[in-house]
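Participant: Can you read through this structure? Questions will come right after.
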Amino acid sequence: MSARVTPQMLRKWKQEGRKITALTAYDFPTASVLDRTGIDIVLVGDSVGPAVLGLPDTVGVTMDAMIHHAKAVSRGVASAMVIGDMPFLSFHLSTARALKNAAQFLRDGGCQAVKLEGFRPAVVEAMVDAGIPVMGHLGLLPQRVRLTGSYRVAGRSDHESALLVAHAKEL
């Protein structure tokens with residue numbers, strides 16, 4: 001068993017130009033197999049809604065469901081960094097609520113970090129200040145499917161691509 005992947009390791013590997021591997025798991029057996037392959041990151045994605053729970057999209061996935069799946073995945077992982085995907089409206093309503101939900105992923109779900117969809121710099125800053133590692137998510141925004149009416153990848157035009165890169169650099 002190798003050492004648990006940390007944010008510091010990921011930063012170092014990125015600076016060195018090392019490829020970082022990540023895959024999604026929703027359960028103990030899948031997480032166990034992924035971890036044994038030497039994967040760097042295992043994401044517990046809100047895509048559990050349509051992929052496992054039979055929901056039409058990710059919007060109906062709750063924090064309780066995410067914590068349930070995060071616990072199962074975390075029990076199957078010894079080395080990879082486990083990242084919990086903050087579900088719809090779990091970090092939008094207030095910074096205090098976002099911190100509470102993110103802390104739940106670390107305390108109860110066994111995750112080492114959380115992932116946010118979209119551009120929320122104040123929330124990210126508060127989480128990092130509280131000691132919660134955060135991974136951003138740019139491009140496809142499935143939590144906005146009911147607003148946009150379809151799954152649309154952001155960043156395909158030069159203008160959108162430049163905005164995504166600018167937002168990523170700000171964080």
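Participant: Tally the residues that are closer than 23 Å to residue 42 by Cα and in contact with an Asp or Glu (Cβ under 9 Å, 6 or more places away or on another chain), restricting the search to region 106-133.
Facilitator: Selection size over region 106-133: 5.
Participant: Okay, moving on. Considering every residue within region 141-148, establish whether at least one is outside any helix (DSSP H, G or I) and either at pLDDT below 85 or within 22 Å of residue 59 (Cα to Cα) (or both).
Facilitator: As a first pass, look at region 141-148 and keep what is outside any helix (DSSP H, G or I): 141.
The next check asks that each one be either at pLDDT below 85 or within 22 Å of residue 59 (Cα to Cα) (or both); those that pass are 141.
Yes: region 141-148 contains one or more residues that are outside any helix (DSSP H, G or I) and either at pLDDT below 85 or within 22 Å of residue 59 (Cα to Cα) (or both).
Participant: Within the group 50, 87, which residue is part of a helix (DSSP H, G or I) and in contact with an Asp or Glu (Cβ under 8 Å, 6 or more places away or on another chain)? Step through it out loud before you land on a result.
Facilitator: On the way: 87 fails: part of a helix (DSSP H, G or I).
Testing whether each residue is part of a helix (DSSP H, G or I) and in contact with an Asp or Glu (Cβ under 8 Å, 6 or more places away or on another chain) leaves just 50.
Participant: Separate question: Out of the residues in region 27-50 that are surrounded by fewer than 22 Cβ atoms within 10 Å (Cβ to Cβ) and under 16 Å from the mean Cα position of the chain (by Cα), state the one that is farthest from residue 91 (Cα to Cα).
Facilitator: The extreme case among them is 39.
Participant: Determine which member of the set 33, 82, 48, 52 is of a type in the set (A, V, I, L, M, F, W, C), touching a strand residue (DSSP E or B) at 6+ places or on another chain (Cβ under 8 Å) and at pLDDT 95 or above. Don't jump to the end; show me each part of the working.
Facilitator: On the way: 33 fails: touching a strand residue (DSSP E or B) at 6+ places or on another chain (Cβ under 8 Å); 48 fails: touching a strand residue (DSSP E or B) at 6+ places or on another chain (Cβ under 8 Å); 52 fails: touching a strand residue (DSSP E or B) at 6+ places or on another chain (Cβ under 8 Å).
Residue meeting the stated conditions: 82.
Participant: Can you confirm whether residue 56 is in contact (Cβ under 8 Å) with a residue 12 or more places away in the chain and surrounded by fewer than 16 Cβ atoms within 10 Å (Cβ to Cβ)? Working first, answer last.
Facilitator: Working: in contact (Cβ under 8 Å) with a residue 12 or more places away in the chain: no; surrounded by fewer than 16 Cβ atoms within 10 Å (Cβ to Cβ): yes.
Considered against the rule, which asks whether it is in contact (Cβ under 8 Å) with a residue 12 or more places away in the chain and surrounded by fewer than 16 Cβ atoms within 10 Å (Cβ to Cβ), residue 56 comes out as no.
Participant: Also: When you go through (1) farther than 27 Å from residue 37 by Cβ; (2) surrounded by fewer than 22 Cβ atoms within 10 Å (Cβ to Cβ); (3) at pLDDT 95 or above; (4) aliphatic (A, V, I, L, M) one by one for residue 128, which number turns out not to apply?
Facilitator: (3)
Participant: Also: Out of 31, 65, 78, report the one residue that is among the small types (Gly, Ala, Ser), more than 14 Å from residue 114 (Cβ to Cβ), touching a Lys or Arg at 6+ places or on another chain (Cβ under 8 Å) and not in a loop (DSSP other than H, G, I, E, B). Reasoning before the result, please.
Facilitator: Details: 65 fails: touching a Lys or Arg at 6+ places or on another chain (Cβ under 8 Å); 78 fails: not in a loop (DSSP other than H, G, I, E, B).
Only one candidate passes the filter, namely 31.
The values are calculated or read from the model by the stated rules, or taken from the named source; none is laboratory data. Keep in mind it's a predicted model, so treat the numbers as computed, not measured. Positions of Cβ are generated from backbone atoms using ideal geometry, with glycine treated the same way; all protein chains shown enter the neighbour counts.
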